[in-house]
Amino acid sequence: MSFFKYKDVIEEGDLVFAFISRGTIKPITIKKGEKLNTRYGHYEHDDMIGMKFGEQMAGARGIGFIHLLHPSPELWTLSLPHRTQIVYTQDSSYIMQRLNVVSGTRVIEAGTGSASFSHSFARTIGYDGRLFTYEFHEPRYLEAKKELEEHNMKNTLITHRDVCNDGFEIANIPEGFVKDGGVSGEVVFLDLPSPWTAIPHLEKVISQTARVGICCFSPCIEQVDKTVKALQDEGWIEIEMVEVAGRRWEARKDMVKDVGDVVKRLKDIQSRKNQGIENKRHAKVQAGDKRDHDEMDSGSDDGAEKKVQNTGKGFNPFGKGVRVREGDEGFEWRNVTKVEGEIKSHTSYLTFAYKIPLPKV
């Protein structure tokens, strides 16, 4: 199954993302005879074969439903098995744009982890690009290697290596991955506990003919401080640290309230208040007589003001006590927005820098 191009019909062996609910997306590999069990029912893999990606599928007994979605790095990020902290889409998309990662780019990634960003890199650089990703923890390396192979990431070469101590050089690079006799990376992404120890090893594996960009992903500002110093010592320029913070904006319509309507409404409230006082006073005078509650509310005197019914805008201009649908043509509206009070999407600090190759003498 490929993350690189779209297909319409689900076949046996395909990777499918089962959208169960807003917070639950489950990646499954289609195999005949197997089924997906959820709290909303169970779904036979045999029935999925031949369906189109994006279709809604009902449960085996007609209870519940799921959607069958086509693989993408963004969906993989939301559903992958976490082995480490991962890079989420709001950060990965910004890094891609900032470092100008395009089809054909050669990328060095250190800290494969759960391979969330590896999938985004592999999809973006396409068939002509090359991704060299390194993981020092052997169990994580083996899991990531298996996933990349199953997902047909043929443009990706994963290596088990501690780059902080052993550097980035790879012996016996496959023929399709070699350029200028080595890795020749044009973009570097370091998601490491101590990126400043790996930066001095980059000179041997980055391109000597093209401008090279780097991004270091660090959760602590102390790490950023050491990283910046290492970049300066190694001749990197245009060093800048940024933080990507997402906010949710609510867009809605707000009812426009006219001053005249407000005054009219206040007068009506005062009138009701005065009428209530008079009714109670009248009831005390007639305390010896038994009277119905409705009669006491409305007043029995011909001269007493009767309670006015809510007949719409003339009496109740703002719809209080009556459900008014947003945008109702009977009222005047304006568009407004509201932002979250707190930012809840902080992940890490992103330190960017660039290196320009020296001209040959």
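Any read-out appearing in this document is the output of simple, stated calculations on the displayed coordinates, not a laboratory observation. Predicted model only: the values in this text are computed from it and were never measured. Neighbour counts are summed over all protein chains in view; Cβ atoms, including those assigned to glycine, are modelled from backbone coordinates with ideal geometry.
Starting at 0 and stepping by 20 Å, how many percent of the alpha carbon pairs of the chain end up in each bin?
Per 20 Å bin, starting at 0, the Cα pair percentages come out as 22, 35, 21, 15, 7, 1.
Say R0 is 25 Å: what FRET efficiency, to the nearest 0.05, do Asp166 and Thr84 get from their beta-carbon distance?
Computed FRET efficiency for Asp166 and Thr84 comes out at 0.80.
Which cross-chain or sequence-distant (5 or more) residues have an amide H under 5 Å from the amide H of Ser114, H modelled 1.01 Å from N in plane?
Arg83, Thr84
Can you give the extra length, in nm with one decimal, that the chain gains between His282 and Tyr6 once fully stretched, where that is 0.36 nm per residue apart less the Cα-Cα distance?
So the extension gain works out to 91.4 nm.
Pick from Asn274, Asn100, Asn37: which is most flexible by mean-square fluctuation in a GNM of the chain where alpha carbon atoms under 10 Å apart are linked?
Asn274
With a cap of 16 neighbouring Cβ atoms within 10 Å, and only residues DSSP puts in a loop, list the chymotrypsin sites (Phe, Trp or Tyr not before Pro) found in segment 119-180.
In loop regions of segment 119-180 (DSSP not H, G, I, E or B), the sparsely surrounded chymotrypsin sites (Phe, Trp or Tyr not before Pro) are Tyr127.
Got a sec? Charge dipole of segment 15-71, +1 on Cβ for Lys and Arg, -1 for Asp and Glu; which of Met51, His67, Ile20 is way out at the positive end?
Ile20
Could you work out [θ]222 nm for the chain from helices alone, using -39500 (n - 2.57) per DSSP H run of at least four and dividing by all its residues? Round to the nearest 500 deg cm²/dmol.
The helix contribution divided over the chain gives -8000 deg cm²/dmol.
In debye to the nearest 20, how big a dipole does segment 73-185 give about its Cα centre with +1 on each Lys and Arg Cβ and -1 on each Asp and Glu Cβ?
Using Cβ point charges on Lys, Arg, Asp and Glu, segment 73-185 gives about 220 debye.
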